[in-house]
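Worksheet: the structure to be examined is printed underneath.
The values are calculated or read from the model by the stated rules, or taken from the named source; none is laboratory data. A quick note: this is a predicted structure, and the numbers were derived from the prediction, not measured. Every residue, glycine among them, receives a Cβ derived from its backbone with ideal geometry; neighbour counts consider all protein chains shown. In case anyone asks, the SASA skips ligands and DNA or RNA and just uses the protein heavy atoms, side chains included. Shrake-Rupley method; radii C 1.70, N 1.55, O 1.52, S 1.80 Å.
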Amino acid sequence: QVQLVESGGGLVQPGGSLRLSCAASGNIFSIGSMGWYRQAPGKQRELVAVITSDGSTNYAESVKGRFTISRDNAKNTVSLQMNSLKPEDAAVYYCNARGLKTFPRTAFDSWGQGTQVTVSS
């Protein structure tokens, strides 16, 4: 099994910053992509940002210029620096990792438990 543990959510005022972190562990041979998704009440889960093993990134239009995703391949961790937060950024943020398990050498697509981000004054 592959486990993802997130940290860093919380309450922040509009315009403030938060940093989310996620660590992957377990039966991991390689991780192709790591990313962050979010789900607000009554809405579908949506992609926030994703980063591949070679550092290529993709962001949702709504967060471009405000959020930055980064990754430490050696530690199997991914972080999301969120600046200039808006009330509409409030959601449960989920970490995702996709790659190959060591044994058997099959693909995995794992999710963290989610961390709440609240943006309110």
Work out from phi, with θ = phi - 60° and the Karplus expression 6.51 cos²θ - 1.76 cosθ + 1.60, the ³J(HN,Hα) of each residue of the range 51-66, listed in order in whole Hz, and give x for Gly and Pro.
-> 9, 8, 5, 8, x, 5, 10, 9, 10, 5, 4, 5, 10, 4, x, 10
Cross-link reach list, lysines versus residue 43, counting only Cα pairs under 22 Å and skipping chain neighbours closer than eight places = 64, 86
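So if I place +1 on the C-beta of Lys and Arg and -1 on the C-beta of Asp and Glu, and nothing else carries charge, what would the dipole magnitude of the chain be about its Cα centre? I want it in debye, nearest 20.
Dipole size: approximately 100 debye.
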Gain in length, residue 27 to residue 72, computed as 0.36 nm per residue apart minus the alpha-carbon separation, to one decimal in nm?
-> 14.4 nm
Would you mind calculating the gained length between residue 100 and residue 13 on full extension (0.36 nm times residue separation, minus the Cα-Cα distance), in nm to one decimal?
-> 27.4 nm
³J(HN,Hα), Karplus 6.51/-1.76/1.60, whole Hz, each residue of the range 104-116, x for Gly, Pro | x, 7, 10, 6, 10, 9, 10, 10, x, 7, x, 9, 7
Separation between the residue 54 and residue 88 pseudo-spin-labels, each 7 Å from Cα along Cα→Cβ, expressed in nm?
-> 3.4
Hey, if we sort 59, 93 by accessible area with the 1.4 Å probe, largest down, what's the order?
-> 59, 93
What FRET efficiency would be calculated for the residue pair residue 45, residue 118, taking the C-beta separation as r and a Förster radius of 22 Å, to the nearest 0.05?
-> 0.80
Of the accessible area of the chain, with the probe set at 1.4 angstrom, what percent is carbon plus sulfur?
-> 49
Sorted on mean Cβ neighbours within 10 Å (highest first), peptides 97-103, 32-38 come out as 32-38, 97-103
Taking only the alpha-carbon positions of the chain as identical scatterers, the Debye log10 I(q)/I(0) at q = 0.11, 0.12, 0.16, 0.23 Å⁻¹ comes out as -0.34, -0.41, -0.70, -1.31
Take the alpha carbon atoms of the range 51-94, find their radius of gyration, then divide it by 2.2 N^0.38 Å using N residues; give the quotient.
-> 1.25
